[in-house]
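None of the figures in this text is laboratory data; all of them are computed from the coordinates on show. This structure is a prediction, so every number in the text was calculated from the model and none was measured. Virtual Cβ from ideal backbone geometry, glycine too; neighbours counted across all protein chains shown.
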Amino acid sequence: MKKLFALFTFVLVLSPLAVAAEEGINEITAEEIIALKEEGKPFKLIDARGGEYFDGTVIEGAMHLSAEDVTAETLAEIAPNKEELVVFYCTNVDCPASLKSAAKAQEAGYANVAKYKGGIEEWKEKGLPTETLAN
């Protein structure tokens, strides 16, 4: 009964972003990212992979800022509006870079932060558009 109540509360009360309660960071799905793009909603999509994990391929429209390089200053350069949605992703559900980056963004005062847990691997598996960033 508690689970049913929790699910009911979730559906009625929370935004389209699912809350990752254990981490305090919102989660967003590939479908929600696509919807945001189609609706022309302003948001920043950031690939947080670093080192050998970053091969230059990103989700179409994404920027790259490795988790190690996320600071208040670097975020301000690419996401100056702290109220605008900022979505981080990395390789897959096991990759900690998106969570690390999202937490840093929250600490820097960003009010609307999320992570795309499936990452670039899920995005590609779904056959969704990617692009290669110039070095």
- Take a quick pass over the range 16-132 and tell me how many lysine pairs come in under 20 angstrom between Cα atoms, counting only ones 8 or more apart or on separate chains. 23
- Query: Using unit Cβ charges (K, R positive; D, E negative) and no other charged atoms, how large, in debye to the nearest 20, is the dipole of the range 65-135 about its Cα centre?
  - Reply: 200
- Task: Collect residues whose amide H, placed 1.01 Å from N in the peptide plane, falls under 5 Å from the amide H of residue 50; neighbours closer than 5 in sequence don't count.
- Result: 67
- Query: Using θ = phi - 60° and the Karplus form 6.51 cos²θ - 1.76 cosθ + 1.60, what ³J(HN,Hα) does each residue of the range 54-69 get, whole Hz, x for Gly and Pro?
  - Reply: 9, 10, x, 8, 10, 4, 3, x, 7, 10, 10, 8, 4, 3, 5, 9
- Taking neighbour Cβ counts within 10 Å as the exposure measure, how do 133, 75, 99 sort from fewest upward? 133, 99, 75
- Note on the structure: Percent antiparallel among DSSP beta bridges confined to the range 16-132, rounded to 5, stands at 30
